[in-house]
Amino acid sequence: MRNPNELLDHQIELENSEMQAPSKIGDRSTSDVVVRLRTQDGRDDWLYCHSHILIEKCKYFADRLSDNWPTCQIIDSRNCVEVYCQESDFDHHVNVLRLLYVATDGLLNDMWHGVRNALGILQVAVDLGCPQIVTACVSYLEAVPWEEGEEEEIIRIIPNMGAEAEPILARLQPVNPSAILGIFLSAIRFATSSPSSSMADLKSSAQEQLEYMITEDDDAPILTADDEIKSEVKQCVKRLFSRFNNILEALLSEHEESISEEEKMQLFQSHLLDLSWACQILSKMEIMREFVSSWVDASDKIIKATEQSSRTTEIVEIKLKVIEVAAKVLEAIGYGTVILPIAKRLHLVKLWLPFARVTRPLIDSATTDDEGTMTFKPDGELWQSLESTFVSMILALPSGDQAEILTEWLENQHIHYPDLTEAFEVWCFRSKVAKRRLGL
């Protein structure tokens, strides 16, 4: 198999014969100038060239071979031009000299042999002042796909090469805000549209990128959530929750439906996944209130729909996802992000605390198979975070309600989770000093 240099030589020979161009690089019988390529490592190669081609297509050689250049070396009865380069750039210099012999611009497009090679040739062509090669190389690099490593190399090199290389960076330039807004709104509508299972991967990708767009990491978010964006996101999530409520109604309905119970549970699980993701988006945008309100209103139905199902791996995964979403909702309430009246907060504690209490052992026992391999992995901080949320919510209730909840906890066989010891200690202290503190 021929290497790139042999292929380049062969194509140059073909094109020169077709164009009836007698001059060929390395043709000692017709050359009138020697280009001497030298490196600091001692490499010293002579290339027999033709002054009329070098002068026409390269500013560096035009200057060196002009009458204005003060001195001119003679080698083998020919003018000699020395070019010093790094060893790593040696082949790129040779390729540039060969490319000077290509007859027309269009023929250059087939001679780059990859992005990295073209990038090296471009650097040499810019340094030597070869506009025809620079233009063709820029056109090539601007059009072809780049691998990740190639892109990083381009980012490192091209910005320092001036305006003539700027078109290469077109795909990396910042996008105007209206275009960013347009793609964000389109993506959020698709990500919350509950598409069919055949588009699950597309939906997951859209959700992942939406979260990336609004997350601040080493770089600032791509866009800032203004009132227009927040309004659209809330409407999208509202429609998603409406479809979720319809699924709840179908699961709890005693009437015969056109779809099976298994299909209903699959839809239920899919929508739970979407709602869990929506929580992340709403939390980052600080617009959780409406979602929390919807979840609170639907909580009784959610638990009823979940508990009426049989104990299978799929149902365990559904219960885990229900717990994950509930934990986010309760956290928003327990730490004051969303304010609810006492009656609703008390009802939520009495509803979700028993559910969490019996669900954790079920999930813990189902996350490993017979060989001890994890079948699915819950968030390691989920249970601790939920426990802390329950403590916070309980301690914000009237002391009589706290006493009722703690009494039930102390008498329950699942006393170890959630561990309400902290709430019990605070309640004891408050109760003991209440008269003195309030008397003061």
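The values are calculated or read from the model by the stated rules, or taken from the named source; none is laboratory data. All values derive from a computational prediction rather than experimental measurement. With ideal geometry, Cβ positions are generated from the backbone for all residues, glycine too; neighbour counts draw on all protein chains shown. Only protein heavy atoms, including side chains, enter the accessible area calculation; ligands, DNA and RNA are left aside. Shrake-Rupley method; radii C 1.70, N 1.55, O 1.52, S 1.80 Å.
Numbers at a glance
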item	result
Additional length obtainable on full extension of the chain from residue 56 to residue 40, 0.36 nm per residue less Cα span	2.9 nm
Spacing of the two label points (7 Å from each Cα toward its C-beta) at residue 293 and residue 69, in nm	8.1 nm
Nearest 10 degrees, 0 to 90: helix 261-285 Cα axis against the chain principal axis	70 degrees
Value at 222 nm in deg cm²/dmol, rounded to 500, when DSSP H runs of n ≥ 4 in the chain each add -39,500 (n - 2.57)	-20000 deg cm²/dmol
Residue 208-residue 117 pseudo-label distance in nm [points 7 Å out on the Cα-to-Cβ vector]	3.4 nm
Stretchable slack from residue 180 to residue 413, in nm (0.36 nm times residue separation minus alpha-carbon distance)	78.5 nm
Accessible area expressed per residue, the chain, with surrounding protein chains retained (probe 1.4 Å, Å²)	55 Å²
Nearest-0.05 FRET efficiency for residue 147 and residue 280, computed from C-beta distance (R0 25 Å)	0.20
Over the stretch 130-176: Kirkwood hydrodynamic radius from C-alpha pairwise inverse distances, Å	11.2 Å
Residues in the stretch 258-274 reached by a label modelled at residue 215 [backbone nitrogen below 17 Å; 7 Å Cα→Cβ]	274
GNM result for the chain, Cα springs below 10 Å: residue of 383, 352, 112 fluctuating most strongly	112
Cα-Cα over 28 Å, subset of 304/328; 321/350; 238/284; 230/321; 238/344; 230/350	230/350
Ranked packing of 186-193, 172-179, most packed first, by mean Cβ within 10 Å	186-193, 172-179
Contour excess over end-to-end distance, with Cα ends at residue 227 and residue 259 and 0.36 nm allotted per residue	7.6 nm
Nonlocal amide H pairs with residue 75, under 5 Å, H built at 1.01 Å	80
Note, ³J(HN,Hα) from phi for the stretch 334-346, Karplus 6.51, -1.76, 1.60, rounded to Hz, x at Gly and Pro	x, 10, x, 5, 10, 9, 10, x, 4, 4, 5, 5, 5
For residue 113, residues with placed amide H under 5 Å, excluding near neighbours	none
Pairwise label distance in nanometres, residue 28 with residue 308, each label 7 Å out on the Cα-Cβ vector	9.5 nm
The chain - percent of accessible surface contributed by carbon and sulfur, probe 1.4 Å	49 percent
FRET E, pair residue 437, residue 404, Förster distance 25 Å, beta-carbon r, rounded to 0.05	0.70
Debye intensity ratio I(q)/I(0), log10, the chain, q values 0.10, 0.11 Å⁻¹ (C-alpha model)	-0.81, -0.90
Using alpha-carbon coordinates, inclination of helix 177-191 to the longest axis of the chain, degrees	50 degrees
